[in-house]
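All remarks here apply to the structure that follows.
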Amino acid sequence: MAEHPPYPVGLRLTGRRVVVLGGGQVAQRRLPALIKAGADVHLVSPEATPSVEAMADAGEITWHRRPYAEGDLADAWYALIATSDPDANTAASAEAEAHRVWCVRSDDADRATAWTPATGHSEGVTVAVLTTDARGRDPRHTAAVRDAVVEGLRDGTLVAPHFRTRTAGVALVGGGPGDPDLITVRGRRLLAEADVVIADRLGPRDLLAELPPHVEVIDAAKIPYGRYMAQEAINNALVEHAKQGKSVVRLKGGDPYVFGRGMEELHALTEAGIPCTVVPGISSSISVPGAAGIPVTHRGVAHEFTVVSGHVAPDDERSLVDWPSLAKLTGTLVILMGVDKIGRIAETLVAHGKSPDTPVALVQEGTTSSQRRVDATLATVAETVVAEDVKPPAVIVVGDVVAVGPDGTAA
């Protein structure tokens with residue numbers, strides 16, 4: 001048997017009896033996949049790890065709390081032998097052979113009739129890797145190959161085109177705060193499969209350079225306080241390209257629904273009958289402060305944080321923010337799109353009770369190579385923005401967490 005490579009096959013175990021002998025670490029690793037496969041799993045073991053016991057308590061497996069006994073494998077389709085008793089393992093292996101039950105042995109792969117591959121999953125595809133040379137099995141190498149393939153499929157560096165007809169539609173993808181490595185795995189995969197990408201200026205621009213030449217990239221950058229009809233044009237572009245049968249990605253900075261007008265775009269697509277997928281992104285409201293060493297909450301300092309838009313001033317009739325109430329909160333205030341309004345915002349907060357000495361941090365171009373942090377207080381932030389020439393995009397953090405140092409104490 002050792003002279004021939006194993007024959008790879010996918011077992012369909014739904015509703016079929018699978019016997020697992022031993023309730024230790026091996027069972028704990030293998031049981032979730034068997035449960036997910038829909039197998040009728042029977043665990044035979046006098047003891048089990050807490051995680052395995054929890055599976056039994058939840059009704060996911062049937063636990064026979066006793067040692068292996070002859071006849072346990074008689075009606076099984078598949079068996080996993082993983083006890084700490086060599087004699088029991090040998091006897092169970094012989095029974096499996098007699099009943100023609102495919103059997104995996106954790107203690108002696110050479111005496112098994114089946115091997116468990118290193119597996120991984122990505123969007124409906126299961127990657128299973130086996131070492132073909134029985135004389136030179138290297139589980140770590142096998143796992144490394146599996147990881148490389150799965151990671152490539154997930155992040156789009158290993159592109160596997162769909163050759164069957166794809167359903168045209170739009171994906172609203174949150175690109176994260178700016179660092180291209182902070183886009184979600186699903187977002188990066190959809191970006192790699194797109195025919196058209198409509199990108200914001202705050203999206204992870206470096207990812208656009210990785211797109212194949214045939215992908216059409218449309219610049220949907222919004223210049224602040226200009227191009228007032230830009231959103232309508234973006235909606236029209238999404239609908240038109242999707243109606244042409246193309247796979248469209250709307251690449252947005254942060255999260256599509258955090259001041260990103262994602263719902264407006266979804267409504268436009270829904271009215272046009274275009275299928276749409278929303279892929280959440282890492283919001284700059286928490287990731288940018290974190291990248292600058294600021295926790296938006298910290299034990300003993302802040303038990304809450306509030307995220308608001310500062311794109312209109314507190315005295316502007318269009319403002320929907322209750323600034324007087326925010327001034328009374330003791331937690332952290334995170335302000336997006338508020339660089340040019342921070343002076344009036346600070347004045348309003350102080351006027352309604354916030355201490356002028358409250359720490360403020362402005363983090364410009366957060367998570368990118370151009371990131372910089374500028375510190376001030378509510379009393380000095382307006383002049384600091386001018387003196388330091390702080391430009392958008394910048395996330396503004398107001399509260400005592402700004403002064404929390406790496407040792408966890410306030411400066």
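The values are calculated or read from the model by the stated rules, or taken from the named source; none is laboratory data. Note that the structure is a prediction, hence the values are computed from the model and not measured. Please note: Cβ atoms are built from the backbone with ideal geometry, for glycine as well, and neighbour counts cover all protein chains shown.
The table that follows gives values for the structure above.
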{"read-out": "Among residues of region 284-330, those that are of a type in the set (Lys, Arg) and in a loop (DSSP other than H, G, I, E, B), counted", "value": "2"}
{"read-out": "Flag for Gly15 being under 23 Å from His121 (Cα atoms), surrounded by fewer than 14 Cβ atoms within 10 Å (Cβ to Cβ) and small (Gly, Ala, Ser)", "value": "yes"}
{"read-out": "Checklist (1) crowded, with 16+ Cβ neighbours inside 10 Å; (2) assigned to a loop (DSSP other than H, G, I, E, B) applied to Ser370, failing item", "value": "(1)"}
{"read-out": "Residue within region 24-36 that is without any contact (Cβ under 8 Å) to a residue 40 or more places away in the chain and more than 31 Å from the chain's Cα centre (by Cα) present", "value": "no"}
{"read-out": "Considering residues of region 333-367 that are of a type outside the set (A, V, I, L, M) and not in a loop (DSSP other than H, G, I, E, B) only, the residue nearest to Trp323 (Cα to Cα)", "value": "Thr348"}
{"read-out": "Hey, Thr90 surrounded by fewer than 20 Cβ atoms within 10 Å (Cβ to Cβ), in contact (Cβ under 8 Å) with a residue 24 or more places away in the chain, polar (S, T, N, Q) and not in a loop (DSSP other than H, G, I, E, B) or not", "value": "no"}
{"read-out": "Candidate set from region 287-307 (those that are within 24 Å of the chain's Cα centre (by Cα) and buried (at least 19 other Cβ atoms within 10 Å of the Cβ)); member that is farthest from Ala327 (Cα to Cα)", "value": "Ala291"}
{"read-out": "Filtered residues of region 256-277 (kept if closer than 12 Å to Ala242 by Cβ and touching a residue at least 12 places away in the same chain (Cβ under 8 Å))", "value": "Glu265, Ala268, Leu269, Ala272, Ile274, Pro275, Cys276, Thr277"}
{"read-out": "Failed criterion for Val279 (all others in (1) closer than 30 Å to Val173 by Cα; (2) surrounded by fewer than 21 Cβ atoms within 10 Å (Cβ to Cβ) hold)", "value": "(2)"}
{"read-out": "Test for Val44: is it touching a Ser or Thr at 6+ places or on another chain (Cβ under 9 Å), closer than 30 Å to Val150 by Cα, surrounded by 15 or more Cβ atoms within 10 Å (Cβ to Cβ) and among the hydrophobic types (A, V, I, L, M, F, W, C)", "value": "no"}
{"read-out": "Identity of the residue in region 111-148, in a helix (DSSP H, G or I) and modelled with pLDDT of 85 or more, that ends up nearest to the chain's Cα centre (by Cα)", "value": "Ala148"}
{"read-out": "Within region 259-283, tally of residues that are part of a loop (DSSP other than H, G, I, E, B), modelled with pLDDT of 95 or more and within 26 Å of Gly366 (Cα to Cα)", "value": "4"}
{"read-out": "Criterion (free of Cβ contacts under 8 Å to residues at least 24 places away in the same chain and outside the structural domain of Gly203 (by TED's automatic domain parsing)) met by exactly one of Val386, Val307", "value": "Val386"}
